[in-house]
Amino acid sequence: MIIGKSQNAMPRGRCKMHIRKLQNDITKDEWNNIISNYESKTLYHTYEWLEFIEEIQGLKKEIYEIVDDNEIVGYLPGFRIKKGPVNIFGSPFPGWTTPYMGPIINNNVSQELFFKEFKNLMKREGYHYAELSNRKLDIDLAKKENFIITEGTTYIAEVKPNPEEILSSYSKSTRKNVRRAIKNNLIVETTKDDSFVDSYYTHLEQVFLKSNMKPTYPKKRAKLLIDKLLPENKIILTWVKFEDKVIANRIDLIDGLWMHAFSTTSNQSYLKLKPNELARFHAMCVAADRGVRHYDMTGGGTYKRMFNSEEITTYRIIYGRFGLYKARNLAKTLIKLKNKLETKLS
């Protein structure tokens, strides 16, 4: 199973594809209803998630219609980022806790035409740099159009239909850890309690403190995420208690047949009780009951194989003018070297 290696159908019609900005305002219900008909739609395309990015990043979403043979065949949501004189189109962009976005299209749309027209769109709209990431994008066609491709890793598990089958699918050691957590009298619950975000972030700070660091995002990001998705039943909040004390928290996101891991935090003093394994098992059971069949564990970590997952290659498709991709990588390298030097001198 390789994300980004989908089969590409023959082009629709003989007219040249074009991508145009959506001129009219669109409501949440209208947008979510439209995208529900597309195979490449994910949670990260939903109106709630686009609003989350708008508010946490201080950006305004821009939505483009993909038109072929005078028919709207898809949409492209994204955000304009200004870095001095440089205009960046993020769909998505690193640091947004958003692994997928990009175009919303079906398999009968020519990706060859899309990639050609996307480059034209970037020039017309004055963008100097752009990133796309989507499970359905054909990487080979992107390479033919001279896009830069970077690879990442995630792990995807099949979600079995009931708790017994879910637990049986785990590795022997992981099954043992889940059962040990239960024998240790840990209590695992799905919650909507307002105090969840406080315990979640306290544990996150503990994790980062081990490396003398602060969390990479503020508490308000987690709170905003919950505020946006909980009313839509698109988030599962799990906490684990020991002797009435919360010792671990999980956030998972759900939409249709898919669940996506967001984050796990835990009190480091209680890890030997295996609360994290119990929390993930519980979240998968809840998701299964809600009809979820695929679990994207979001990112690397070979330990995820123990939960019956398969390592999957993910891709980012990058458009860059004037050597901006190389300049961006050079800047990141210089920052890392600077931080290492400061650490040695301190």
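Could you tell me whether the range 89-131 comes out rounded, prolate or oblate from its Cα gyration tensor? Rule is a ≥ b ≥ c as square roots of the eigenvalues, rounded for a/c under 1.5, then prolate if a/b exceeds b/c, otherwise oblate. Present the calculation step by step, with values, prior to reporting the outcome.
Details: a/c = 3.40, a/b = 1.16, b/c = 2.94.
Oblate is the answer for the range 89-131, as a/c is 1.5 or above yet b/c matches or exceeds a/b.
When the Karplus curve 6.51 cos²θ - 1.76 cosθ + 1.60 is applied with θ = phi - 60°, which whole-Hz ³J(HN,Hα) does each residue of the range 218-226 get, with x for Gly and Pro?
x, 4, 4, 5, 5, 5, 5, 4, 5
Rounded to the nearest 10 Å², what accessible area does Leu22 show when all protein chains are kept and the probe is 1.4 Å?
Counting only protein heavy atoms, Leu22 exposes about 40 Å² to solvent.
In terms of the ratio Rg/(2.2 N^0.38 Å) built on C-alpha atoms, what value belongs to the range 138-200?
Numbers: Rg = 20.2 Å, N = 63, 2.2 N^0.38 = 10.6 Å.
Cα-based Rg divided by the globular estimate yields 1.90.
Would you please give the FRET efficiency between Ser195 and Lys272, computed as 1/(1 + (r/R0)^6) with r the Cβ-Cβ distance and R0 = 25 Å, to the nearest 0.05?
Details: r = 25 Å, r/R0 = 0.99.
Calculated value: 0.50.
So what J values fall out for the range 237-242 if you push phi through Karplus, 6.51 cos²θ - 1.76 cosθ + 1.60 with θ = phi - 60°, rounded to Hz, Gly and Pro as x?
9, 10, 10, 10, 10, 10
Using a simple spin-label model with points 7 Å from Cα along the Cα→Cβ vector, what separation in nm is obtained for Glu243 and Asn107?
If labels sit at Glu243 and Asn107, their model points lie 5.6 nm apart.
Nearest 10 degrees, 0 to 90: what angle lies between the long axis of helix 47-57 and the longest principal axis of the chain (Cα atoms)?
90
Bin width 10 Å, alpha-carbon pairs only: give the P(r) of the range 147-278 as whole percents, running from 0 to the bin holding the largest distance.
Bin by bin from 0 Å, the calculated values are 11, 36, 37, 14, 2, 0.
Largest first, how would Arg20, Arg321 line up by accessible area (1.4 Å probe)? Walk me through the intermediate numbers first.
Details: Arg20 100, Arg321 70 Å².
Highest to lowest solvent-accessible surface, that is Arg20, Arg321.
Using a 1.4 Å probe on the protein heavy atoms, what percent of the accessible area of the range 48-194 belongs to carbon and sulfur?
Values: 2810 of 6290 Å².
The C+S portion of the solvent-accessible surface of the range 48-194 is 45 percent.
How many Å² of accessible area per residue for the chain, probe 1.4 Å? Numbers along the way, then the final one.
On the way: 17250 Å² over 346 residues.
Solvent-accessible surface per residue comes out at 50 Å².
Counting only the heavy atoms of the protein chains, how much of Lys144 is accessible to a 1.4 Å probe, in Å² to the nearest 10?
Here the residue's solvent-accessible area equals roughly 150 Å².
Want the number for His294 to Glu51: 0.36 nm per residue separation, take away the alpha-carbon distance, what's left? Please list the in-between numbers first.
On the way: separation 243, 0.36 × 243 = 87.48 nm, distance 2.47 nm.
Gain in length upon complete extension: 85.0 nm.
Under a crude label model (7 Å from the Cα following the beta-carbon direction), how far is Met213 from Gln23 in nanometres?
Distance between label points: 4.8 nm.
Computed over the Cα atoms, what is the radius of gyration of the chain divided by 2.2 N^0.38 Å, N being its residue count? The partial results should precede the final answer.
Values: Rg = 21.5 Å, N = 346, 2.2 N^0.38 = 20.3 Å.
That ratio works out to 1.06.
Compute, for Thr154, the solvent-accessible surface of its heavy atoms (probe 1.4 Å) with the complete set of protein chains present, and express it in square angstrom to the nearest 10.
0
Counting only protein chains, not ligands or nucleic acids, how are Arg290, Arg175 ordered by accessible area (probe 1.4 Å), most first? Before the final figure, lay out each step's value.
Values: Arg290 95, Arg175 60 Å².
If we order Arg290, Arg175 from most to least accessible, we get Arg290, Arg175.
Quick check: with the 1.4 Å probe, what order do Asp69, Asp25 take by accessible area, largest first? Intermediate results must be reported in sequence, preceding the final value.
Values: Asp69 75, Asp25 155 Å².
Result of the area sort, largest leading: Asp25, Asp69.
For Lys214, which aspartates and glutamates qualify as cross-link partners when the Cα separation must be under 18 Å and same-chain residues fewer than eight apart are set aside?
Of all the aspartates and glutamates, those that pass the test against Lys214 - Cα under 18 Å, at least 8 places apart if same chain - are Asp198, Glu205, Glu342.
What percent do you get for the relative contact order of the chain when only Cα pairs under 8 Å and 6+ apart count? Before the final figure, lay out the partial values.
Numbers: 613 pairs, mean separation 75.0, N = 346.
Here the relative contact order equals 22 percent.
Pulled fully out, how much extra length does the chain show between Arg80 and Asn37, if you take 0.36 nm times their separation in residues and subtract their Cα-Cα distance? The partial results should precede the final answer.
On the way: separation 43, 0.36 × 43 = 15.48 nm, distance 2.60 nm.
Between Arg80 and Asn37, full extension yields 12.9 nm more.
For a quick check: with amide H placed at 1.01 Å from N, whose amide H comes under 5 Å from Leu22's, ignoring anything fewer than 5 positions away on the same chain?
Amide H to amide H, under 5 Å and 5 or more residues apart or across chains, Leu22 pairs with Ile63, Tyr64, Glu65.
With r defined as the distance between the Cβ atoms of Glu232 and Asn146 and R0 fixed at 45 Å, what FRET efficiency is calculated, to the nearest 0.05?
Working: r = 39 Å, r/R0 = 0.87.
Working from the Cβ atoms, E equals 0.70.
Longest exposed-loop-site-free stretch of the chain, with GluC sites (Glu not before Pro), DSSP loop and at most 16 other Cβ within 10 Å? Mind dumping the intermediate values first?
Details: sites that count: Glu39, Glu125, Glu145, Glu243.
Longest stretch, sites excluded: 244-346.
Between their Cα atoms, which of Lys176/Lys219; Lys160/Lys274; Lys61/Lys192; Lys223/Lys304; Lys82/Lys234; Lys172/Lys274 are more than 24 Å away from each other?
Details: Lys176/Lys219 34 Å; Lys160/Lys274 22 Å; Lys61/Lys192 29 Å; Lys223/Lys304 26 Å; Lys82/Lys234 31 Å; Lys172/Lys274 14 Å.
Correct reply: Lys176/Lys219; Lys61/Lys192; Lys223/Lys304; Lys82/Lys234.
In the range 70-156, what is the volume of the convex hull around the alpha carbon atoms, normalised per residue and reported in Å³?
Numbers: hull volume 10.2 nm³, N = 87.
Given the Cα convex hull of the range 70-156, per-residue volume reads 118 Å³.
The values are calculated or read from the model by the stated rules, or taken from the named source; none is laboratory data. If you're wondering where the values come from, they're calculated on a predicted model, not measured in any experiment. No Cβ is skipped: glycine too gets one built from the backbone with ideal geometry, and neighbour counts run over all protein chains shown. The accessibility values were calculated without ligands, DNA or RNA, using every heavy atom of the protein model including side chains. Shrake-Rupley method; radii C 1.70, N 1.55, O 1.52, S 1.80 Å.
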